[in-house]
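J.: Just dropping this structure here.
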Amino acid sequence: MKLAHSPTKLVTVGHTPDMDDAFMFFAIATGAIPADGLGITHVIEDIQALNRRALQAELDMTAISAASYPALAGDYWIVSVGSSVGQNYGPVVIARRALNLQELAGRRVAVPGLQTTAYLLLRLAAPQIIPVEMPFEQIPHAVLKGEVEAGLVIHEWQLTYGDAGLSPVVDLGIWWQQVAKLPLPLGLNVVKKSLGKQTARRLATLLQESILYAFAHEEGALAYAMRFGRGTDPQRARRFVGMYVNEESLALSAPCREALRLLFTRAHAAGLIPDVPRLEVIEPLKP
């Protein structure tokens, strides 16, 4: 017998165990807002694992690296909310000693996944590197041990690499701003087309409401996000969340959409992706 309060639609939702995603999903994860009859099963994995799941169309809605979208555009729409966008900052290449971008050519560089936006940007900026794929949290230690000559860091390591005595080679967010004069879309949320547009828009609306709730209850949302901060101190946690949960997270702006098109166009011209996808975006339901 179906109970009256049973969810009308069961969906799987993927997001990362990182502070920006945790902040955005705080209200959904804690049940602070109603789920509009949706039964949410959370799948919490690192971004490269979620990229791989999306490539197999395993999840109904999921965070992905923006760089992964061309390969899965046939199965997913972009959700216009929940994006992680850098504004003149982004993933950072680090090394034990001072290097410049040109000196990376022919060197082994640890990267956090071959489907990540960070890696795609690095291939555009320094196409002759030798990538060494590894979990993102292992990259600084691999650089310190000399296992690789440089590393590409994401998440909180963008703010803390100096504590380990490592030197910056290039901030790819600054590099992108110099070449594109546009924001840097690093992470997106996507929703499966097979759900239909109505359910997809319900999920987009739910995520939008969760982000708005986090902004309205910032201290509680930050406290929750810090559970996923891997020891990040409160000041840096607040700074990191503020970097990647911003106005672009509430609505994917026209400049950000232009930036996505330019990123994919440049990647296609460099032979890194087979074609430039058309951006298909799902908007939240109107109130």
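J.: I need the shape label for the range 92-180. Rule: rounded when a/c is under 1.5, else prolate if a/b > b/c, else oblate, with a, b, c from the alpha carbon gyration tensor. Before the final figure, lay out each step's value.
T.: Working: a/c = 1.31, a/b = 1.24, b/c = 1.05.
It comes out rounded by the Cα gyration axes.
J.: Take the alpha-carbon positions of the range 1-76, form their convex hull, and give its projected area averaged over all directions (one quarter of the hull surface) in nm².
T.: Details: hull surface 23.8 nm².
Answer in nm², one decimal: 6.0.
J.: I've got another one for you. Over 5 Å intervals from 0, what percent of Cα-Cα pairs in the chain sits in each interval?
T.: Calculated over all Cα pairs of the chain, the distribution is 1, 6, 13, 17, 19, 17, 13, 8, 4, 2, 1, 0, 0, 0 percent.
J.: With θ taken as phi - 60° and the coefficients 6.51, -1.76 and 1.60, list the Karplus ³J(HN,Hα) couplings across the range 56-64 in order, rounded to whole Hz; mark glycine and proline as x.
T.: 9, 6, 7, 10, 6, 9, 7, 6, 9
J.: Put +1 on the Cβ of every Lys and Arg and -1 on every Asp and Glu Cβ in the chain; which of MET24, GLN56, TYR224 then has its Cα farthest towards the positive end of the dipole?
T.: GLN56
J.: Taking amide hydrogens as modeled 1.01 Å from N in the peptide plane, which residues meet the under 5 Å criterion relative to GLY14, leaving out close sequence neighbours?
T.: Residues meeting the criterion, in which the H sits 1.01 Å from N, are VAL43, MET61, THR62, ALA63.
J.: Could you work out how far apart the two model spin labels at ARG108 and ALA164 are, taking each label as a point 7 Å from the Cα in the direction of the beta carbon, and quote it in nm?
T.: Label-label distance for ARG108 and ALA164, simple model: 1.6 nm.
J.: Classify the range 221-287 as rounded, prolate or oblate, taking a ≥ b ≥ c as the square roots of the eigenvalues of its Cα gyration tensor: rounded when a/c is under 1.5, otherwise prolate if a/b is larger than b/c and oblate if not.
T.: Details: a/c = 3.09, a/b = 1.68, b/c = 1.84.
In terms of gyration-tensor shape, oblate.
J.: Which residues in the range 8-52 have a backbone N closer than 16 Å to a point placed 7 Å from the Cα of ALA216 along the Cα-to-Cβ line?
T.: 24-36
J.: Could you count how many Lys pairs in the chain have their Cα atoms under 18 Å apart, skipping same-chain pairs fewer than 8 positions apart?
T.: Numbers: LYS9/LYS192; LYS9/LYS193; LYS9/LYS197; LYS197/LYS286.
Number of lysine pairs found: 4.
J.: Further question on the same structure: Per residue of the range 34-46, what does 6.51 cos²θ - 1.76 cosθ + 1.60 with θ = phi - 60° give for ³J(HN,Hα)? Whole Hz please, x for Gly and Pro, Karplus curve as stated.
T.: Going residue by residue, I get x, 8, 6, x, 8, x, 9, 9, 7, 10, 10, 9, 5 Hz, with x marking Gly and Pro.
J.: Then there's this: Quick one: which residues, 5 or more positions from ILE282 or on another chain, have an amide H under 5 Å from its amide H? H modelled 1.01 Å from N in the peptide plane, none for Pro or chain starts.
T.: ILE78, VAL79, SER80
J.: Based on the alpha-carbon gyration tensor of the range 9-159 and its eigenvalue square roots a ≥ b ≥ c, which shape applies: rounded if a/c is under 1.5, prolate if not and a/b is larger than b/c, or oblate? Walk me through the numbers on the way to the answer.
T.: Details: a/c = 2.51, a/b = 2.01, b/c = 1.25.
The shape class here is prolate.
J.: For the chain, what is the calculated [θ] at 222 nm in deg cm²/dmol (nearest 500), taking -39500 (n - 2.57) for each run of four or more DSSP H residues and dividing by its residue count? Provide the component values of the computation, followed by the final result.
T.: On the way: 12 runs with 112 residues, N = 287.
After summing the helix terms and dividing by residue count, I get -11000 deg cm²/dmol.
J.: Further, regarding this structure: Are there DSSP H segments in the chain that both extend 20 Å or more along their axis (alpha-carbon positions) and score a mean Kyte-Doolittle hydropathy of at least -1.0? List them, or say none.
T.: Numbers: long enough: 197-216 (28 Å, 0.14); 254-269 (22 Å, 0.09).
Helices meeting the span and hydropathy rule in the chain are 197-216, 254-269.
J.: OK, next. Can you put LEU114, LEU260, LEU182 in order, fewest other beta carbons within 10 Å first?
T.: Listing LEU114, LEU260, LEU182 from fewest to most nearby Cβ atoms yields LEU114, LEU182, LEU260.
J.: Same structure again: Which residue fluctuates the most in the chain, going by a Gaussian network model with Cα springs under 10 Å, if the choices are ILE129, ILE78, ILE139?
T.: Its mean-square fluctuation being the largest, the pick is ILE129.
J.: Quick check for me: using +1 on Lys/Arg Cβ and -1 on Asp/Glu Cβ, what's the dipole size of the range 92-180 about its Cα centre, in debye to the nearest 20? Could the numbers behind the result be given before it?
T.: Values: 6 positive and 8 negative charges, 50 e Å.
Roughly 240 debye, rounded to the nearest 20.
J.: Another question, if that's okay. Order these peptides, 59-66, 35-42, by their mean beta-carbon neighbour count within 10 angstrom, highest first.
T.: Values: 59-66: 26.6, 35-42: 14.6.
Most protected by this proxy first, the peptides run 59-66, 35-42.
Only the coordinates and a few stated rules stand behind these numbers; no lab work does. This one's a predicted model, so the numbers in the text were calculated from it and none came from an experiment. All Cβ positions, glycine included, derive from the backbone under ideal geometry; neighbour counts span all protein chains shown.
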